Amino acid sequence: MADTIPYLVDENDPDLESGMVEYGSCTGYLSRPKGGANLGSVIVIHENVGLVDHIKDVARHFAKEGFAALAPDLLQRTGGTGQYTTSQDAIAAIRSLDPGGCVEDLTSTLEYLKSQGFANGKVGVVGYCWGGGQSLNFATKCNQLNAAVVYYGRNPDPLEQVANITCPLMGNYAEDDPNIMPGIEPLKAELAKHDKSIDLKIHGDGAKHAFNNNTNADRWHPEAAADAWQRTSDFFKANLSG
């Protein structure tokens, strides 16, 4: 039941304006403080199962922190997340996506946010799992970003692309994540090679991949999630305000 999910922000929260929007060939879930102005904007990139309720809730959490948060449905090119009845089907569709198409859709999302009257023109990006890899990759492709945050995402391929990153970068990773952890030291080394830096934290005490997902009882780690959230919120406030 939805009301058993911890830390859920009500989809009808009276302090927020939330709902689906269309822009060009894209669709996404936008949440922002009602009547807010001069807002920093955050692109929220979903996991490998698409734009599900959990990611919409994450967008509302960012809105409660004072941001305009837009979570694009990157499965729109295959007909949209809503058409997939199982997570396995959504994952298969994610794997079929053209990486260049994802960058195009994220660029459209950024341009939409920058054009809105409630926004201050500063845009950050955050992604989770598959979306974490997309967030880091987008930072290598877009010089209009003001901040980028990666939650346990894969490195760009080739890794040398991190030389193109022009915005402040943060990473939140899990110690118990055998598929992602081997990429951490190479990422740090490649960034350092190009005089880039990352505010990177590896969360321990049993934290696993997808520790932020409070709808996944096997993965959610309340302490790691809370700490990573505070780090991310503070990072965006420092880089997207004004």
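The values are calculated or read from the model by the stated rules, or taken from the named source; none is laboratory data. This structure is a prediction, so every number in the text was calculated from the model and none was measured. Cβ sites come from the backbone with ideal geometry, for glycine too, and all protein chains shown count toward neighbours. With ligands, DNA and RNA removed, areas are computed over all heavy atoms of the protein, side chains included. Shrake-Rupley method; radii C 1.70, N 1.55, O 1.52, S 1.80 Å.
Farthest toward the positive end of the dipole of the chain, out of L200, G66, T140, is the Cα of T140, where the dipole comes from beta carbon charges about the Cα centre. Which residue fluctuates the most in the chain, going by a Gaussian network model with Cα springs under 10 Å, if the choices are G124, G183, G132? Judging by the Gaussian network model, the answer is G183. Using the Karplus relation 6.51 cos²θ - 1.76 cosθ + 1.60 with θ = phi - 60°, the per-residue 3J(HN,Hα) values for the range 218-233 come to 6, 10, 4, 10, x, 5, 5, 4, 5, 5, 5, 5, 5, 4, 5, 4 Hz, with x marking Gly and Pro.
At full extension, E17 and D227 could sit 73.0 nm farther apart than now, given 0.36 nm per residue minus the alpha carbon distance.
Its DSSP H runs of at least 4 residues, each contributing -39,500 (n - 2.57), put the calculated 222 nm mean residue ellipticity of the chain at -10500 deg cm²/dmol, to the nearest 500.
Taking the alpha carbon gyration tensor of the chain, multiplying each eigenvalue by 5 and rooting it gives semi-axes of 24, 21, 19 Å, largest first. Think of each Lys and Arg Cβ as +1 and each Asp and Glu Cβ as -1; about the Cα centre, that makes the dipole of the range 9-77 roughly 220 debye. A Cβ-based charge dipole, computed about the Cα centre of the range 60-104 with Lys and Arg at +1 and Asp and Glu at -1, lands at about 140 debye. Farthest toward the positive end of the dipole of the chain, out of G121, F235, T78, is the Cα of G121, where the dipole comes from beta carbon charges about the Cα centre. Can you pull the one-decimal nm distance between simple spin-label points at A163 and T85, each 7 Å off the Cα toward Cβ? The answer from the label model is 5.0 nm. In summary, the lysines within cross-link reach of K208, defined as a Cα separation below 21 angstrom excluding same-chain residues under 8 places away, comprise K188.
In this structure K64 has an accessible area near 100 Å², from a 1.4 Å probe over the protein heavy atoms.
State, as an integer percentage, the relative contact order of the chain based on alpha-carbon contacts under 8 Å between residues 6 or more apart.
Computed value for the chain: 17 percent relative contact order.
Estimated at the nearest 10 Å², the accessible area of Y84 is 50 Å² with a 1.4 Å probe.
For the cross-link pairs K114/K196; K64/K201; K34/K56; K193/K237; K122/K201; K56/K114, the ones whose C-alpha atoms lie over 22 Å apart are K114/K196; K64/K201; K193/K237; K122/K201.
Charge dipole (Cα centre; +1 on Lys/Arg Cβ, -1 on Asp/Glu Cβ; no other charges) of the chain amounts to roughly 580 debye.
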